[in-house]
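Engineer: Can you read through this structure? Questions will come right after.
The values are calculated or read from the model by the stated rules, or taken from the named source; none is laboratory data. Keep in mind it's a predicted model, so treat the numbers as computed, not measured. FYI the Cβ positions are ideal-geometry reconstructions off the backbone, even for glycines, and counts take in every protein chain you see. Just so you know, the surface numbers come from the protein's heavy atoms only, side chains and all, with ligands and any DNA or RNA stripped out. Shrake-Rupley method; radii C 1.70, N 1.55, O 1.52, S 1.80 Å.
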Amino acid sequence: MEAHDFETGHKPTWCPGCGNYGIWQSLKNAFVKLNTSQEEIVVVYGIGCHGNMANFLNVYGVGSLHGRSIPVACGVKMANHRLKVVVIVGDGDTYGEGVNHLLSAARGNHDITVIVHNNEIYGLTTGQASPTSEKGTKTKSTPLGVIEEPLNPLATAIISGASFVSRGFAGDTDALRDLICAGIEHSGFSLIDVLQPCLTFEKVHNFDFLREKIYKLEKAEKDKEAAIKKTFEWSEKIPVGVFYQEEKPAFTDQLPQLKEDTLVEKPLKDIKIDELLKEFI
Amino acid sequence: MVALLQNPFKANGRKIKINDLNLKIGGEAGFGIMASGLIFAKAVNRAGLSTFGYVEYPSLVRGGHNTYQIKVTSKPYFAPEKQVDLLIALNKNTVDVDGANLGPFSGVIFNDEEFKLESSEFEKKNVFLYPVPLEKIATEVGGGKLVVNTVALGAALALVGLDFQYLSSVLTNTFRQKGEQVVNLNIKSARGGYDYVREKYADHFSFKLEKLDGPPKFVMSGNEAIALGAIAAGCKMYVSYPMTPSSSILHYLADHQLKADMIVKHCADEIEAIDMAIGGSFAGVRTAVGTSGGGFALMAESYGLAGILETPLVVINVQRPGPATGMPTWTGQPDLDFVMYAGQDEFPKIIIAPGDPAGAFYGTAQAFNLAAEYQTTVMILSDKFLGESIYGTEEFDTNKIKIEEGGILSESELLNTENYKRYEFTETGVSPRSLPGQKSGKYVANSYEHDEFGFVSEDPDNRVSMMTKRMKKLVTASNGLPGPTLYGEVEAKITLVGWGSSKGPILKALDLLKQEGISANFLHFVYISPFPIEATAKILSSAKKTLICEGNYTGQLARLIREKTGIEIKRGLLKFDGRPFYPEEIAKAAKEAV
Ligand SMILES: Cc1ncc(C[n+]2csc(CCOP(=O)(O)OP(=O)(O)O)c2C)c(N)n1
Ligand SMILES: [Mg+2]
């Protein structure tokens, strides 16, 4: 398998220079590196510029609703836990519209890999503030400046029970590929928050700005408090890499129903309910 | 002394009434009223009698007034009745609330050590008091307050003259899981009440129950029938967020998930529930979600998602009065409009509104087949009345359930398909489906309007073809689905029209009308979308007079019938007080109309 095997032939519609190209590239390369076949992967996409990847990536996919990709992905995994399930979503998508799903999927340690294209803006809807826009940011929807403090997604994931919490950078595709591989190989809920420059609507956090500030974390913390502390580092220096990792059983590992086979393999023939009916006499 | 009284029927030269009893148990919430009602119903069911149990309770865990009424008959009678023949009053409030509904020669079982009733007052109305020291007996057997209701059940069984074994065997089954001690305690409690009444009021009561022979019946709620239908149809994933009156489906399935070899998940909210179900369905598992109107309102966006992705999905809506939180523990049929038109734009929706547990069981099983076959949403539209009432129902025949998997291609078929198109334009509107994991079946199930492969497309011609393809599925489906059922004679003075759970009360109203020499029939709608236009028009255009009975303010089915057929039903019995239909009020409205 090569990277182009994971392309549909539909040309990407992203703006020239968009960080989404780097994420797409890294994801395809990760699939190649993991030696996976196209049919064992399901990618669930949110709605936003990021979600347009649904047309470019040659695997089974679900283009879901704005904010609702995570529960769809959990459902796919519960139905067939042999599939590798990846979620391609935006910051507006996952940290705003559907943030409750982030919390519950992390709490359940569902074995999915959530890649957030975090451009600190709503790209597709032409540049409104997102939950990660910095306080004071002036956008079309916030001409007087954002009043809210930005969400700290990594800390939020850690306190919610996520077992793999990381940050990547769309401008370093090799490192991002490896991070995605690590996220997919990790059994349990993986969050990869990707710094994704949007050249059209968010001029501050551009490639040069980020390249100058980021540094690579040596190794993942095993202590939640220490990891959370690291996530607040966001000014002179911006850490990327795995902040926190923990081995614990994933959601589907804890279902006795799935010990022998996947849910989708369960036979539908000759289902008997006679035993159950006895309760009703 | 009461015991010295002669039997009132005998005294008046009348016969004792056999196998026709309306019993009501009332008390404070938290004192086992629900459990007692079910146990009594099962006991008489074991004696071969037919039962129907209707429960009323406020949205409280403790306090408030709870009642369970059980109609016992020799033939099925699935309707509540206002007039009470035997009242078990576990508190004074029960008598205050239901005293006025006590019929001639009826009786009241109560604890005269807790509150006093003036027997002469009651006897004026031919109502007889049967005081039983419920708490004293409960304490003597070592159970205390917790088993007072069981003592009362024993007392009631003795009063109606049924053998004790029917009750003791149900108690054994009910409490077996809690251990032998609990079983014995309950049997002793019931025996205490039973013996007390046998000694003191033997043969006094005017209503008697006698054992009948017949095929075994099951005492079951509509919600349980839906749950069993889902299991029998191979539902392997049920995802829900608790909401009265749908929660007992979740509870039943959660409790039996290992036996049924399925996953039952209580999600963080209804949006998560339906999206998880859509994910499961995309991956090839038969899935369902269950909720009530408010929860379904949250699901509406994803209802449309299932529609455009063409993933099969069964949605169960057990209605209650709204809007918003409304009246959680009461009944109504207020959501027909809402579910017909829920979601963005238009997509094919199948809606089934069963009328009783058998309909709910087979209808739910069929819903999974229809969802798979037409790759769209199928709703089971029930309500609190059907969902939480208990019915003595005939045995279900699982051989009648044939699982149709719908057009899922095998891997070899996929390998032989060049240029596989998941959303291919077809005659029927149904396109070949593949499942993730299968070779050569890759596609994107796209929330955006898409081409035959699933890729986003805003081309106007493609849009028209794709929209037409989806909507065609409803036309295809309509060919295979039954029209409304006409009960009663074809030639009648008046045709009653209703849908879903009002079936039992309306059928009973037909009997009442017949007794009064009024010929009436009943057109019952179960399959509401796709709407059976021709069958409806044929029957209603020749009806002499029509009367719609619906549990909502505006007559939603009547409007739908008018929209689809142009036929206007001018008379309506519309109920939106949270209470079910009573046969008497239906008969009265029909009489006024003819
Ligand atoms: C329920 C709903 N609300 C609003 C929208 C409109 N909408 C589409 S994408 C989007 C924001 C996208 O922002 P983000 O998730 O950050 O994605 P990006 O475009 O930046 O990749 C909005 C508000 C929608 N499609 N659905
Ligand atoms: Mg964004």
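Engineer: Can you tell me how many residues in region B:100-126 are open to solvent by 10 Å² or more (accessible area, probe 1.4 Å), in contact with a helix residue (DSSP H, G or I) (Cβ under 8 Å, 6 or more places away or on another chain) and of a type in the set (G, A, S)?
Structural biologist: The qualifying residues number 1.
Engineer: Would you confirm whether or not region B:37-45 contains a residue that is in a loop (DSSP other than H, G, I, E, B) and open to solvent by 10 Å² or more (accessible area, probe 1.4 Å)?
Structural biologist: Step one: of region B:37-45, the residues in a loop (DSSP other than H, G, I, E, B) are none.
No: zero hits.
Engineer: So if I check each of B:S457, B:S440, B:S478, which one is more than 30 Å from A:Q38 (Cα to Cα) and out of contact with any Cys (no Cβ under 6 Å at 6 or more places or on another chain)? Show your work before the answer.
Structural biologist: Details: B:S457 fails: more than 30 Å from A:Q38 (Cα to Cα); B:S440 fails: more than 30 Å from A:Q38 (Cα to Cα).
Within the list B:S457, B:S440, B:S478, the selection yields B:S478.
Engineer: Please go through region B:265-304 and give me each residue that is in a loop (DSSP other than H, G, I, E, B) and within 11 Å of chain A (Cβ to nearest Cβ), ordered by number. Talk me through it step by step, then tell me what you get.
Structural biologist: First, pick out the residues of region B:265-304 that are in a loop (DSSP other than H, G, I, E, B): B:267-269, B:283-286, B:292.
Result: B:C267, B:A268, B:D269, B:A283, B:G284, B:V285, B:R286.
Engineer: Ok, one more. Of all the residues that make up region A:103-119, how many are more than 12 Å from A:V87 (Cβ to Cβ) and within 14 Å of ligand 2 (Cβ to nearest atom)?
Structural biologist: Adding up the residues that qualify gives 2.
Engineer: It is to be established whether one or more residues within region B:312-326 are in a helix (DSSP H, G or I), of a type outside the set (A, V, I, L, M) and away from chain A (no Cβ under 12 Å). Spell out how you get there, then give the answer.
Structural biologist: Kept after step one, since they are in a helix (DSSP H, G or I), are these residues of region B:312-326: none.
Checking region B:312-326: not a single residue is in a helix (DSSP H, G or I), of a type outside the set (A, V, I, L, M) and away from chain A (no Cβ under 12 Å).
Engineer: Sticking with this one: Looking at region A:156-199, which of its residues are more than 14 Å from chain B (Cβ to nearest Cβ), away from ligand 2 (no atom under 16 Å from the Cβ) and polar (S, T, N, Q)?
Structural biologist: The answer is A:T156, A:S163, A:S166, A:T173, A:S187, A:S190.
Engineer: Consider A:S64 against the criteria (1) within 23 Å of B:A273 (Cα to Cα); (2) more than 8 Å from every other protein chain (Cβ to nearest Cβ); (3) of a type outside the set (V, I, T); (4) under 16 Å from the mean Cα position of the chain (by Cα): it satisfies all of them except one. Which criterion is unmet?
Structural biologist: Among (1) within 23 Å of B:A273 (Cα to Cα); (2) more than 8 Å from every other protein chain (Cβ to nearest Cβ); (3) of a type outside the set (V, I, T); (4) under 16 Å from the mean Cα position of the chain (by Cα), A:S64 violates only (2).
Engineer: Could you list, in sequence order, the residues of region B:217-252 that are hydrophobic (A, V, I, L, M, F, W, C), farther than 26 Å from A:V99 by Cβ and within 11 Å of chain A (Cβ to nearest Cβ)? Let's see the steps before the verdict.
Structural biologist: Residues of region B:217-252 that are hydrophobic (A, V, I, L, M, F, W, C), as a first pass: B:218-220, B:225-228, B:230-233, B:235, B:237, B:239, B:243, B:249-250.
Imposing the further condition that a residue be farther than 26 Å from A:V99 by Cβ reduces the set to B:218-220, B:225-228, B:230-233, B:235, B:249.
Scanning region B:217-252 gives B:F218, B:V219, B:M220, B:A225, B:A227, B:L228, B:A230, B:I231, B:A232, B:A233, B:C235.
Engineer: Under the condition of being part of a strand (DSSP E or B) and near ligand 1 (Cβ under 9 Å from one of its atoms), which residue from region A:118-139 is most open to solvent (accessible area, probe 1.4 Å)?
Structural biologist: In the first step, residues of region A:118-139 are kept if they are part of a strand (DSSP E or B); the result is A:118, A:121-122, A:128-129, A:139.
In the following step, the residues that additionally are near ligand 1 (Cβ under 9 Å from one of its atoms) were identified as A:118, A:121-122, A:128.
Numbers: A:N118: 13, A:I121: 6, A:Y122: 73, A:Q128: 42 Å².
This residue is A:Y122.
Engineer: Could you check region B:551-580 and list, in sequence order, the residues that are of a type outside the set (G, A, S) and either assigned by TED's automatic domain parsing to the domain that holds B:V55 or in contact with a strand residue (DSSP E or B) (Cβ under 6 Å, 6 or more places away or on another chain) (or both)?
Structural biologist: Taking region B:551-580 first, the residues of a type outside the set (G, A, S) are B:552-554, B:556-557, B:559-565, B:567-571, B:573-577, B:579-580.
Residues satisfying the conditions are B:L557, B:I569, B:R571, B:L573, B:L574.
Engineer: Let me ask something additional. Kindly indicate which of B:S412, B:S457, B:S431, B:S440 is facing chain A (nearest Cβ under 10 Å) and closer than 25 Å to A:T262 by Cβ. Before the answer, list the steps.
Structural biologist: Details: B:S412 fails: facing chain A (nearest Cβ under 10 Å); B:S457 fails: closer than 25 Å to A:T262 by Cβ; B:S431 fails: facing chain A (nearest Cβ under 10 Å).
Of the residues listed, the single one that is facing chain A (nearest Cβ under 10 Å) and closer than 25 Å to A:T262 by Cβ is B:S440.
Engineer: Do you know which residues across region A:27-52 are within 16 Å of ligand 1 (Cβ to nearest atom), without any contact (Cβ under 8 Å) to a residue 60 or more places away in the chain and touching a Leu at 6+ places or on another chain (Cβ under 7 Å)?
Structural biologist: Hit for region A:27-52 is A:V43, nothing else.
Engineer: Now for a separate question. Return yes or no: is B:L486 within 19 Å of the chain's Cα centre (by Cα) and open to solvent by 10 Å² or more (accessible area, probe 1.4 Å)? Working first, answer last.
Structural biologist: Working: within 19 Å of the chain's Cα centre (by Cα): no; open to solvent by 10 Å² or more (accessible area, probe 1.4 Å): yes.
In short, no.
Engineer: Given the criteria polar (S, T, N, Q), more than 7 Å from ligand 1 (Cβ to nearest atom), touching a strand residue (DSSP E or B) at 6+ places or on another chain (Cβ under 9 Å) and over 25 Å from A:V240 (Cα atoms), does A:T142 qualify? Give the steps one after another, and end with the answer.
Structural biologist: On the way: polar (S, T, N, Q): yes; more than 7 Å from ligand 1 (Cβ to nearest atom): yes; touching a strand residue (DSSP E or B) at 6+ places or on another chain (Cβ under 9 Å): yes; over 25 Å from A:V240 (Cα atoms): yes.
So A:T142 passes the test.
Engineer: Between a first residue in region B:343-361 that is without any contact (Cβ under 8 Å) to a residue 40 or more places away in the chain and a second residue that is crowded, with 23+ Cβ neighbours inside 10 Å and of a type outside the set (V, I, T), which pairs have beta carbons less than 6 Å apart while being 6 or more apart in sequence or on different chains?
Structural biologist: From residues that are without any contact (Cβ under 8 Å) to a residue 40 or more places away in the chain, there are no pairs.
Engineer: Something else about it: For region B:541-558, name all the residues that are open to solvent by 80 Å² or more (accessible area, probe 1.4 Å) and either in contact with a Leu (Cβ under 9 Å, 6 or more places away or on another chain) or of a type in the set (F, W, Y) (or both).
Structural biologist: The first filter runs over region B:541-558 and keeps only residues open to solvent by 80 Å² or more (accessible area, probe 1.4 Å), leaving B:541-542, B:544, B:553.
Result: B:Y553, single match.
Engineer: Still on this structure, please answer the following. Answer yes if at least one residue in region A:235-256 is within 14 Å of chain B (Cβ to nearest Cβ), in contact with a Leu (Cβ under 7 Å, 6 or more places away or on another chain) and either of a type in the set (S, T, Y) or surrounded by 19 or more Cβ atoms within 10 Å (Cβ to Cβ) (or both), and no otherwise.
Structural biologist: Yes, that holds for at least one residue.
Engineer: Of all residues being under 28 Å from A:Q254 (Cβ atoms) and out of contact with any strand residue (DSSP E or B) (no Cβ under 8 Å at 6 or more places or on another chain) in region A:162-210, which is least open to solvent (accessible area, probe 1.4 Å)? Just the residue, please.
Structural biologist: A:C181
Yes or no, residue by residue, for (1) assigned to a loop (DSSP other than H, G, I, E, B); (2) at pLDDT 95 or above; (3) buried (at least 18 other Cβ atoms within 10 Å of the Cβ):
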| position | (1), (2), (3) |
| --- | --- |
| B:T536 | no, yes, yes |
| B:L560 | no, yes, yes |
| B:I567 | yes, yes, no |
| B:E584 | no, yes, no |
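Engineer: Only one of A:I159, A:I147 is part of a loop (DSSP other than H, G, I, E, B), surrounded by fewer than 24 Cβ atoms within 10 Å (Cβ to Cβ), of a type in the set (A, V, I, L, M) and away from ligand 1 (no atom under 16 Å from the Cβ). Can you tell me which? Walk me through how you get there before you give the answer.
Structural biologist: Numbers: A:I159 fails: part of a loop (DSSP other than H, G, I, E, B).
Sole residue among the options that is part of a loop (DSSP other than H, G, I, E, B), surrounded by fewer than 24 Cβ atoms within 10 Å (Cβ to Cβ), of a type in the set (A, V, I, L, M) and away from ligand 1 (no atom under 16 Å from the Cβ): A:I147.
Engineer: Please specify each residue of region A:96-117 satisfying the condition of being more than 8 Å from ligand 1 (Cβ to nearest atom) and either open to solvent by 10 Å² or more (accessible area, probe 1.4 Å) or part of a loop (DSSP other than H, G, I, E, B) (or both).
Structural biologist: At the first step, the residues of region A:96-117 found to be more than 8 Å from ligand 1 (Cβ to nearest atom) are A:98-116.
Listed by number, the residues that qualify are A:G98, A:V99, A:N100, A:L103, A:S104, A:R107, A:G108, A:N109, A:H110, A:D111, A:I112.
Engineer: Checking B:T495 against (1) within 14 Å of chain A (Cβ to nearest Cβ); (2) farther than 23 Å from B:M379 by Cβ, which test does it fail?
Structural biologist: Every condition holds for B:T495 apart from (1).
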